[in-house]
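> Next up is a structure, given as structure tokens.
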Amino acid sequence: MLPSDLDRPDPLPVFVLGPARGGTTLLVRLLDGHPLLAVLPTESQFYPVLTQRTLSRRVMQIADFLDWHSLPHVLGTRPFTLLTFQHRRRVAIWLKRWAEELVPGEPGVPAVVEQSLSPLRGAETYWRAFLDVYQRLTHIELAGKRYWVEKTPWNERFVPLIERFFGPDCRYLHIIRDPRAVIASTFPPGLETAARARLTVRRCFLWSRSVHRCRHHLGRLPGRYFALRYEDLVTRTKEIMRRVCQFLDIPAEESVFTATRLGLPVSPNSAFPVTAPPGVVFSSQVHGYRGALSPAELDCIEQLLGPQMMACGYSPRTFRVSSGRHALNAIPASARSHFKTALEALKVARTQRQYAGVRLSF
């Protein structure tokens, strides 16, 4: 049975995308209270788990490094699905873990998971199990909802596969944040200097790929792909959320101005210290990275990502056009000899050449 022949649930899918620590959680929390949306409050990791087989990983790596944005769709074509998708047993294990995170301490999770998954055949139908488990455990009915909303940042890599599963019914919300803030929020305490340097380049690479995919999908999916900036969301919350609601063709309810989880106000989700009451959107950390990054780390980020930063409306303090050699020079010496780090820096530098004079629409 082809994906287009499936009996889909009444609500249509909305996928919230963007780099990790980029504001995806905040956007989902603001959408949570809308009466026409069924918002999955925790990341399903559906596509990353479903494709955790060697052939799938190789396909995704080729797509990333060669800019073949549409290549992941082959993962959903037969007979490749037999080789690229996880077996039903592995999906059941992950679904159980997800359900336990969704409703901690619920004793009936194993039975609910089995009831939801047992009638399904084929990986293209497994989304129904996640939605059915969500309904059963949260007691939120999908009937009458306009959309169901899911947030897993890595899903941005799988947009061609999502399109194959759901076709033109999908909508996408892609949020971008200043890479300096993204990277500053990812350092675990006590990380030694060389490891920080490698992690900085790794996060630059992931942020660069996210922006690059966003630009590509905006051109390929007009009217169904919406891009916004985290900084605009926290400083002009009502304006931006009204635009999001307009994109989804739903009324801008007052509930979308307050951060909630399953309808209840939630405390701020931030890697930086903050004091704010539950549900409140705060903008005090827009420049919170300034005290968390060293001058050398800031210089590395800005030299690697300068053109893309400017395309997204972020202003590097200083910037020079990078060649591959300049990209390597921007990396601290402690990480420069690391092969994967050097390869990612060169890939970032190659991507930057495509952004001279470009300005993305937010």
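> Using only Cα atoms, tell me the angle between helix 295-311 and the longest principal axis of the chain; keep it within 0 to 90° and round to the nearest 10.
Once rounded, the angle reads 60 degrees.
> With 10 angstrom as the radius, rank 138, 152 by how many other C-beta atoms surround their C-beta, starting from the fewest. Could the numbers behind the result be given before it?
On the way: 138 16, 152 21.
Fewest-to-most Cβ neighbours within 10 Å comes out as 138, 152.
> In whole Å, what three semi-axes, largest first, describe the equivalent ellipsoid of region 165-302 built from its Cα gyration tensor (square root of 5 times each eigenvalue)? Spell out each step's value before the answer.
Details: eigenvalues 173, 95, 30 Å².
Each semi-axis is the square root of five times an eigenvalue, giving 29, 22, 12 Å.
> Looking at the chain, send over the antiparallel percent of its DSSP beta bridges, to the nearest 5.
10 percent
> Also, quick follow-up: Across the chain, how large is the tail of the calculated P(r) beyond 32 Å, expressed as a percent of all Cα pairs?
Beyond 32 Å sits 34 percent of the P(r) for the chain.
> Going by C-beta contacts inside 10 Å, put 244, 348 in order with the fewest on the left. Before the final figure, lay out each step's value.
Numbers: 244 22, 348 25.
Ordered from fewest to most neighbouring Cβ atoms within 10 Å, 244, 348 come out as 244, 348.
> Determine Rg/Rh for region 157-209; Rg is computed over alpha-carbon atoms and Rh is the Kirkwood hydrodynamic estimate from the same atoms.
Radius of gyration relative to Kirkwood radius: 1.18.
> Within region 185-199, whose backbone N sits under 12 Å from a point 7 Å along Cα→Cβ of residue 294?
191-198
> In addition: Taking the 0 to 90 degree range and rounding to the nearest ten, how far is the long axis of helix 339-352 tilted relative to the main principal axis of the chain, both from C-alpha atoms?
Once rounded, the angle reads 90 degrees.
> I'd like the orientation of helix 193-220 relative to the chain: the angle between its Cα long axis and the longest Cα principal axis, in ° from 0 to 90, rounded to 10.
60 degrees
> Same structure, new question: Per-residue HN-Hα couplings for region 160-172, Karplus 6.51 cos²θ - 1.76 cosθ + 1.60 at θ = phi - 60°, whole Hz, x for Gly and Pro?
x, 6, 4, 4, 5, 6, 10, x, x, 7, 6, 10, 10
> Among 26, 264, which comes first, then next, by fewest other beta-carbon atoms within 10 Å? Provide the component values of the computation, followed by the final result.
On the way: 26 23, 264 10.
Sorted ascending by nearby Cβ count, the order is 264, 26.
> Say the dipole of region 235-307 comes from +1 at the beta carbon of Lys and Arg and -1 at that of Asp and Glu; which of 258, 291, 247 then lies farthest toward its positive end?
Going by the charge dipole, the pick is 258.
> Mind ranking 193-205, 104-116 by how tightly packed they are, going by the mean number of other C-beta atoms within 10 angstrom, highest first?
Values: 193-205: 20.5, 104-116: 14.2.
Top to bottom by mean Cβ count within 10 Å: 193-205, 104-116.
> What are the semi-axes of the equivalent ellipsoid for region 27-176, taken as the square roots of 5 times the Cα gyration tensor eigenvalues, largest first, in whole Å?
Sorted largest first and rounded, they come to 26, 19, 13 Å.
> List the residues whose amide H sits under 5 Å from the amide H of residue 174, counting only those 5 or more places along or on another chain, with H placed 1.01 Å from N in the peptide plane.
HN-HN under 5 Å from residue 174: 17, 226, 227, 228.
> Can you give me the distance in nm between label points at residue 195 and residue 111, each placed 7 Å from the Cα along the Cα-to-Cβ direction?
Rounded to a tenth, the inter-label distance reads 4.5 nm.
> Strictly greater than 13 Å: what percent of every Cα pair in region 108-170 meets that?
When every Cα pair of region 108-170 is considered, 70 percent fall beyond 13 Å.
> Take the alpha carbon atoms of region 33-114, find their radius of gyration, then divide it by 2.2 N^0.38 Å using N residues; give the quotient.
1.36
> Seen from all sides and averaged, what is the projected area of the convex hull of the Cα atoms in region 83-239, in nm²?
Mean orientational projected area (region 83-239, Cα hull): 13.1 nm².
> Remind me, relative contact order of the chain in percent, using alpha carbon pairs under 8 angstrom and six or more residues apart?
Here the relative contact order equals 23 percent.
> With charges set only on the Cβ (+1 for Lys and Arg, -1 for Asp and Glu), what does the dipole of the chain come to about its Cα centre, in debye to the nearest 20? All intermediate terms of the calculation are to be shown ahead of the outcome.
Values: 48 positive and 30 negative charges, 264 e Å.
Dipole about the Cα centre, nearest 20: 1260 debye.
> Note down the net charge around residue 163, summing +1 for each Lys or Arg and -1 for each Asp or Glu among other residues with Cβ under 12 Å from its Cβ.
Spelling it out: positives minus negatives among the neighbours equals +3.
Every read-out reported here was derived from the displayed coordinates using simple, explicitly stated rules and does not represent laboratory data. Here the structure is a predicted model, which is why all the values come from computation and not from measurement. Don't worry about glycine lacking a Cβ; one is built from the backbone with ideal geometry, like all the others, and counts go over all protein chains shown.
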